[in-house]
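Below you'll find the structure, written out as structure tokens, and then a few comments.
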Amino acid sequence: MKSLIVLAALLGPLAATTISVVPVFEPVSLHETDVDEVITDTGEALQATVISRPMALTGAFPETLIESIRTPHKLPSNNPNYTVEEANLLVLCNIGIAAEVTEEGLVVKFDVAELSIPDGVDLTIRQVLKLGMVAVRKTLEYYQAPQSDPLIVRIRIVGTNEGTASLTELDSQFALEGD
């Protein structure tokens with residue numbers, strides 16, 4: 001028994017993690033509200049926006065930041081008529097997101113294999129993906145600001161089929177400089 005306590009004490013520090021409170025930007029639907037938002041990054045007025053919210057995260061950064069963009073989000077309201085249970089467009093439209101650091105930089109993949117735009121969300125899949133890309137860029141801009149080396153980001157659309165193959169035209173790449 002005594003040896004188990006000693007072993008647990010020795011392994012305890014190995015299991016310690018750092019929790020960071022960071023802003024994560026996400027694409028949010030404004031359906032069932034009375035506003036449209038002009039998204040300057042896409043040049044369109046949509047019933048959607050990209051907003052940040054603070055999150056307490058642990059894990060590999062920047063990968064965890066990117067994967068946190070697709071976190072369920074019920075917008076708080078003081079109006080009993082606003083009953084929307086989910087506002088995050090990636091969750092609503094069943095679009096996956098994953099990130100991996102490679103020798104070439106950070107690869108962000110939007111997975112559209114299970115894509116479905118629900119009734120009430122008056123957006124095209126391209127608009128949703130562009131909003132997701134804005135969320136990635138804004139989230140990474142905050143992360144990258146104190147870094148000394150530039151971050152190369154490659155965005156890829158995966159999981160396409162015959163009907164969605166043209167979405168790969170949205171594949172892109174950009175570099176973010178640190179301060």
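The values are calculated or read from the model by the stated rules, or taken from the named source; none is laboratory data. Everything numeric in this text was worked out from a predicted model, so none of it was measured. All Cβ positions, glycine included, derive from the backbone under ideal geometry; neighbour counts span all protein chains shown. The area values use the complete protein model at the heavy-atom level, side chains included, leaving out ligands, DNA and RNA. Shrake-Rupley method; radii C 1.70, N 1.55, O 1.52, S 1.80 Å.
Here are the numbers for the structure shown:
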read-out: Accessible carbon and sulfur surface of the chain relative to its total accessible area, %, 1.4 Å; value: 52 percent
read-out: By accessible area with a 1.4 Å probe, ligands and nucleic acids excluded, highest first: order of 68, 172; value: 172, 68
read-out: Quotient of Cα Rg and 2.2 N^0.38 Å for the chain, N being how many residues it contains; value: 1.20
read-out: Gain upon complete extension [residue 154, residue 98; 0.36 nm per residue less C-alpha separation]; value: 19.0 nm
read-out: Relative contact order of the stretch 16-172, pairs being alpha-carbon contacts under 8 Å that are 6 or more residues apart, as %; value: 23 percent
read-out: Net lengthening on full extension, residue 170/residue 56 (0.36 nm per residue, minus Cα-Cα); value: 38.0 nm
read-out: Per residue value of the accessible surface for the stretch 67-179 (all protein chains in place, 1.4 Å probe), Å²; value: 53 Å²
read-out: Inter-probe distance in nm under a simple model that places probes 7 Å from Cα toward Cβ, at residue 63 and residue 126; value: 3.3 nm
read-out: Positive minus negative residues near residue 82 (Lys, Arg vs Asp, Glu; Cβ under 13 Å); value: -3
